[in-house]
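So the structure is just underneath, and the comments pick up after that.
The numbers here are math on the coordinates, done by the rules we state, and not lab data. Model, not experiment: these values are computed from the prediction. Note that we place each Cβ from the backbone using ideal geometry, even for glycine, and neighbour counts take in every protein chain shown.
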Amino acid sequence: MFFRYSYKWLSMGSQSDHQGHPYMLRSATHAAICRGDPGGRPSINRPTIGLQLLSLLLALMSLLLFFPSVAHADGGAPNLAYVAGGPKGISTIDISQQQVTGTISVAGDPHTLVLSLDGRFLYVAQPTLNRVTMLAAKTGETICTANIPGQPSLLAFDPTPNANMLYAAGNGDASVSAIDPTNCKITRTFKTAGPVYGLALAVVATGGHGDQLWVADTNSLTFFDTTSGQQLGNIPIPGGPQYVSIPQGTTVYVTTHHGSVDGIDLNTHRVTTLITSGTFGPMDYDAVTGEIYVPNLKNDQIDVLNPLSFGTKTPPEPNRTYKFAVAPQSVAITSDGQLGFIALSDGNVAMLDVPGRQIVTTIHVGGNPDFIITGLYPPAIGTTPQQASIVGTVASVIAYVLLIALLLVPFLIFTRINRAQVKKAEIKKSERAEEKL
């Protein structure tokens, strides 16, 4: 109803009647406004104008407030792919060009990569330097660093507005460090029962409770409240847990050192073994279908698992596989569920058409790729947190100015229309008076 009335009122233009006077679309509303009553006085339907003006304003506000503009935490939009383990450290693939278009020189055997929500900043784990570095994704310049004990090779990012925290750990220390992603300061340390082999965030914050940080140590999965830092529980995992992945939903997926992939119910903590007899790398998931993509290094393939639904019969796994001539090291699925990228041990990256279920091309990167992530093009302006803050402030001011303009202009238009109609009615009244004379 709002959009129909808005279009109707904005559809008036330079139309005119045979006397050259501008007029609106002929409608019941027009008749109520323009006609005179038997006494010769104009009858202006002001409530109708007010209601339609309100309808237009509400429509504009709904477009501004509810139009989706959210990026995904993994930066999964299909613009760029960042590959750790390239010849100079990190290689950048432009997805539309299907080729390497840049490199970022990073020492310290870079492993896990994480992107900020807008693709502006790239965080790199450097285990041989005991360091995590924040880079400007556009220029490759170092912004800040954090010294992390235990050869950090694992990163996890909590992008929720009240959290905005980066977590780092390695299998050389029994702890996880919480890092402020704007300045690399360590804000908290979570103590674990042993060396850390996997990290992931479960976005489950409610009320006064934060999200959950899930940590794989030597023999179990331990999970913490990210707000209070309190340990919430511990789940023994036969075979020793390793890489962890938590899609939106109710299931935690974990690989084990003994060659299995298990699913854990977030609510009951029940453990279900899904596949065995493999050596598995870092996983990713399709945010559209819920399927889990698991690099199987032992069998040179990607295993695709059905989303686990507890309370129903577990289907045969894997659902399907993608075979390669060499071992896949890591996999990244874009957040729109259209493309997948597989880092291969021979220095190549395979590009997967996810809906079509086929490899469409192979891109040579070189080096020894061992981790891959996809993300947005970095913004053209603002390569430091300070610059990004200024850009954000300016953008907010412009947005408010546009909002005010969108609200004010229709009001002025309708005010002008109203005055024109009153004047027209007065002219007709005067003409009738002259005719009587």
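Quick notes
- Applying both filters, DSSP loop and at most 12 other Cβ atoms within 10 Å, to the trypsin sites (Lys or Arg not before Pro) of the range 282-355 gives Lys298, Lys313.
- Extension gain, Asn418-Thr218: 0.36 nm per intervening residue step, less the Cα-Cα distance, totals 64.4 nm.
- For Tyr243, the residues whose modelled amide H falls within less than 5 Å of its own, excluding neighbours fewer than 5 places apart on the same chain, are Thr255.
- Dividing the convex hull volume of the alpha-carbon atoms in the range 198-326 by its residue count gives 103 Å³ per residue.
- Each Cα pair under 8 Å and six or more residues apart adds its sequence gap; the mean of these over the residue count of the range 91-141 is a relative contact order of 24 percent.
- Placing pseudo-labels 7 Å out from each Cα toward the beta carbon at Thr128 and Asn299 gives an inter-label distance of 3.4 nm.
- The ranking of Asp353, Asp284 by Cβ neighbour count inside 10 Å, starting from the fewest, reads Asp353, Asp284.
- Dividing the mean sequence gap of close Cα pairs (under 8 Å, 6+ apart) by how many residues the range 80-375 holds gives a relative contact order of 12 percent.
- Angstrom value of the Kirkwood radius, inverse mean 1/r, which spans all Cα pairs in the range 80-375: 19.0
- Relative contact order [Cα under 8 Å, 6+ residues apart], the range 288-390, whole percent: 18
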